[in-house]
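Trainee: Got a structure here, written out as structure tokens. Questions coming.
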Ligand code: B1M
């Protein structure tokens, strides 16, 4: 997608629609500085951080995903695109986290064992922080022992798990079984997400809910925590 003429392109000369398209092109090409500059310009133009995130960055990553699937892009290029995405997310993170929302609860979140995809999980973490949750982000390739240790240490209302591969999503059930064995399942709301999942899968493994995206994760977390509080759920 890179074009020699892009070298001299003044991003500020573009209107919003062209700029979003250009950010997506730059993300595709793994040009992190350009992506960061584009994000800054949209913010200067008073775009809401969430709109920048979803329309420019997530929209751009969807194009990368399609071309990865179709064999047009390969792992090294996708990795560069992911890094460019993270550069843009880093600018948005403090803006999304500083909404002044009252503290709502705690969440432990991680990408499950065998899986190193973390963009979506980090996005959920960012949005949850923005909604007033304290988030303990365990990172990628997280095994059941790490999840259990974090739940014991932090006593979160919510445990979130992310999986992007059909081969790693079954591991979520292993974690839920481990929670049961440790007597932690009752007091922990388990939310799961990731592109290959769906609500039936979440039901089948005994999770409380499947969250299609970060906004739904926030909404679901708030609802379920509120419901728990109203029911006087156990906290220890
Ligand atoms: Co990978 N990869 N990848 N990859 N990769 C996918 C997932 C794939 C669908 C691409 C494809 O073929 N179309 C495919 C999986 C196929 C399958 O299993 N069915 C795939 C593959 C095959 C692989 C490798 C096996 C490739 C290889 O090595 N041959 C390998 C596996 C490595 C491993 O994990 N062990 C691999 C590697 C990589 C990179 C390292 C290059 C890179 C990851 C970089 C990183 O994350 N730091 C990468 C990327 C970037 C992708 C795609 C292109 C984009 C994923 C992404 O970041 N999306 C992806 C294609 C796709 O998903 N269409 C693909 C943007 C993100 C915002 O969306 O993660 O879906 P998403 O998160 C959303 C929701 O799903 C939800 O909210 C988020 C925000 O709205 N959500 C949650 C996610 N987690 C949640 C947790 C919650 C709630 C909601 O908790 C409560």
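FYI, it's all coordinate maths here, none of it is from the lab. Just so it is clear, the structure is predicted and the values come from calculations on it, not from any experiment. All Cβ positions, glycine included, derive from the backbone under ideal geometry; neighbour counts span all protein chains shown.
Trainee: What's the angle, to the nearest 10 degrees (0 to 90), between helix 144-154's Cα axis and the longest principal axis of the chain?
Mentor: Helix 144-154 and the main axis of the chain meet at about 80 degrees.
Trainee: Relative contact order of the chain: what whole-number percent is it, with Cα pairs under 8 angstrom and at least 6 residues apart? Can you show the working numbers first?
Mentor: Details: 369 pairs, mean separation 34.7, N = 236.
This gives 15 percent for the chain.
Trainee: Between 0 and 90 degrees, rounded to the nearest ten: what's the tilt of helix 59-69 against the longest Cα principal axis of the chain?
Mentor: Orientation of helix 59-69: about 80 degrees from the principal axis.
Trainee: Cα centroids of the stretch 200-214 and the stretch 121-190: how far apart, whole angstrom?
Mentor: 13 Å
Trainee: Does the chain come out rounded, prolate or oblate by the C-alpha gyration tensor, with a ≥ b ≥ c the root eigenvalues, rounded set by a/c under 1.5 and, if not, prolate when a/b is larger than b/c and oblate if not?
Mentor: Prolate, since a/c reaches 1.5 and a/b exceeds b/c.
Trainee: Sorted by average packing, counted as other Cβ atoms within 10 angstrom per residue and highest first, what order do 67-74, 140-147 take?
Mentor: The densest-packed peptide leads the list: 140-147, 67-74.
Trainee: Work out, step by step, the length gained on full extension between residue 226 and residue 8: first 0.36 nm times the residue separation, then minus their alpha carbon distance; give nm to one decimal. List each step's numbers first, then the result.
Mentor: Numbers: separation 218, 0.36 × 218 = 78.48 nm, distance 5.21 nm.
That pair, residue 226 and residue 8, stretches by 73.3 nm at full extension.
Trainee: Treat each spin label as a single point 7 Å out from the Cα along the C-beta direction, and report the residue 167 to residue 54 distance in nm.
Mentor: 3.3 nm
Trainee: Counting only helical runs of four or more DSSP H residues, what would the 222 nm mean residue ellipticity of the chain come to if each run contributes -39,500 (n - 2.57) and the total is spread over all its residues? Please report the intermediate quantities before stating the final value.
Mentor: On the way: 9 runs with 119 residues, N = 236.
Only helices count here, giving -16000 deg cm²/dmol.
Trainee: Compute the acute angle (0 to 90°) between the alpha-carbon long axis of helix 171-181 and the principal axis of greatest extent of the alpha-carbon atoms of the chain; round to the nearest 10°.
Mentor: Orientation of helix 171-181: about 30 degrees from the principal axis.
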